[in-house]
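What follows is a short report on a single structure.
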Amino acid sequence: MLVEVLALTEKGTYDASPLAATVKKRLEEIGYTVTTDRAQPHDVAVKVKCEEQKTATGTSPTGGDADLADAPDRLWKGPACLLTYFLQQRDMQWKKEVRTTFPDARQAAQKAQVDDAGKFAMDALNQRLAEYDLPVLLSAEWGQIDRLLQLLNNSNTLKLRKVKILSVLRDLHAEEALPQLTQLLETTDLQRETINALSGAGADSIPLLIDLFQTSTQSSIRAEGAKALGNIAARTGDPRTIPPLVQYVSSILPQLKTSEDIDFPLLTEVVWAIGKLRWAPAFKPIAELQEKVWLIHDNSKEMADLREATSWTFKAIDLQDAAMLKAY
């Protein structure tokens, strides 16, 4: 892997070697072989352009990367580093942007009583590059699940990085990660993040998530399990995901008389999840739940959220039934 860094301040080019050393070190930490010499053989070229004042860019399209926090921001004019990579000299249009916490390097430098605003900006950007998890993002971009799992299972990996790895594993739909995620679920304090990642592991994780939803004593964990089952239902249409959630709704309906009888975070996630598959047998308990939540006098945000979820799910199932009847 070749790393090339260009640094620009208002005075012109700036020594980019400290920035390049930081990027090189980060990539080498997870096993990549890195060079900063273009004459050396390499498969991928990672390019980093750091500026004291970001040059103007065109309007970014909405959706996809443009909506992510680390996507290039056309409105940002302060210090920033643009990260891209080339595969066999081809720009893969993968772009991430690292920005400082301050929008104006000169003002920030004056406040910190530093004379050289360019150096101040580059030092701040170098710190951001040391914190930004470029290695994990690139490994995810290239589908290197084994590398991510090895890093996840390393006892020296910081908790914050493990959270990031679990997040990208969810988006990768990494079914091969299921054994490691199952083990991690039992041996870590990152249960919620692990459950979230399990939703990307596909249908094979359904039995584990159902068991977790039905047996966990922690309401927050059950809510995450319900959310994960709903996500799998939406993606795969697997009918196993919804019956346990409907059973939960049916079991609480007889006791549901006041707001004190409702576990709002759990029930709201369950109802949203049920609506993801539009399972016809869920219509009756959802209809009864909708009637009950509107009869209870409660104007809290929690109740408003539950009512919204219930109304949406009721309509989704009702429309599904109507479409099926019309088809017949």
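No value in this document is a laboratory result; all are computed from the given coordinates. Please read all numbers here as calculations on a predicted model, not as lab measurements. Every residue, glycine as well, gets a Cβ built from its backbone with ideal geometry; the counts of neighbours run over all protein chains shown.
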Practice item. Compute the long axis of helix 219-236 from its Cα atoms, compare it with the longest principal axis of the Cα atoms of the chain, and write down the angle in degrees, 0 to 90, nearest 10. Key: 90
Review point. In Å, what Rg and Dmax follow from the Cα atoms of the chain?
Key: 24.8, 78
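Rounded to the nearest 20 debye, what is the charge dipole size of the chain about its Cα centre when +1 sits on each Lys and Arg Cβ and -1 on each Asp and Glu Cβ? Please list the in-between numbers first.
Numbers: 38 positive and 45 negative charges, 91 e Å.
For the chain, the charge dipole is close to 440 debye.
How large is the translational diffusion coefficient of the stretch 2-140 in µm² per second when you combine the Kirkwood radius over alpha carbon pairs with Stokes-Einstein at 37 °C and 0.692 mPa s?
Numbers: Rh = 15.6 Å.
Stokes-Einstein gives a translational diffusion coefficient of 210 µm²/s.
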Practice item. Can you tell me how much longer the chain between THR215 and LEU158 gets when fully stretched, taken as 0.36 nm per residue apart minus their C-alpha distance, in nm with one decimal? Key: 17.6 nm
Exercise for review: Work out the charge dipole of the chain with +1 on the Cβ of Lys and Arg and -1 on the Cβ of Asp and Glu about the Cα centre, then indicate which of LEU83, LEU256, THR9 is farthest towards its positive end.
Suggested key: THR9
Study note, to complete from the structure: Helix 206-215 sits off the longest principal axis of the Cα atoms of the chain, rounded to the nearest 10 on a 0 to 90 degree scale, by 70
**Study point:** 16 Å tail of the calculated P(r), the stretch 261-313, as % of Cα pairs
**Key:** 32
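Might you report the magnitude of the Cβ-based charge dipole of the stretch 2-140 about its Cα centre, with Lys and Arg at +1 and Asp and Glu at -1, to the nearest 20 debye?
That gives the stretch 2-140 a dipole magnitude of about 200 debye.
Calculated FRET efficiency, ALA21 and SER311, Cβ-Cβ r, R0 51 Å, to nearest 0.05? Write down the numbers at each step before the final one.
On the way: r = 56 Å, r/R0 = 1.10.
After rounding to 0.05, the efficiency reads 0.35.
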Point to revise | Most mobile listed residue (LEU266, LEU245, LEU253) in the chain, GNM with C-alpha springs under 10 Å | key: LEU253
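In whole percent, what relative contact order does the chain give with Cα contacts below 8 Å and a gap of six or more residues?
Details: 485 pairs, mean separation 31.5, N = 328.
Relative contact order here is 10 percent.
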Check your understanding: Could you state the number of Å between the C-alpha centres of the stretch 144-180 and the stretch 186-215?
Key -> 14
Review point. Using alpha carbons only, how many degrees (0 to 90, rounded to 10) separate the axis of helix 17-28 from the longest principal axis of the chain?
Key: 40
Check your understanding: lysines within cross-link reach of LYS162: Cα-Cα under 22 Å, excluding same-chain residues under 8 positions apart?
Key -> LYS24, LYS25, LYS96, LYS227
Review point. If you count the DSSP beta bridges with both ends in the chain, what percent of them are antiparallel, to the nearest 5?
Key: 70
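Determine the dipole magnitude for the stretch 191-308: charges of +1 sit on the beta-carbon of Lys and Arg, -1 on that of Asp and Glu, nothing else is charged, the reference point is the Cα centre, and the result goes in debye to the nearest 20.
Numbers: 12 positive and 15 negative charges, 64 e Å.
With only Lys, Arg, Asp and Glu charged at Cβ, the dipole is about 300 debye.
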Revision key, fill the gap. For the pair GLN113 and LYS77, the simple spin-label estimate (label points 7 Å beyond Cα toward Cβ) gives in nm 3.0
Study note, to complete from the structure: Taking r as the C-beta separation of GLN183 and THR33 and R0 as 35 Å, the FRET efficiency to the nearest 0.05 is 0.75
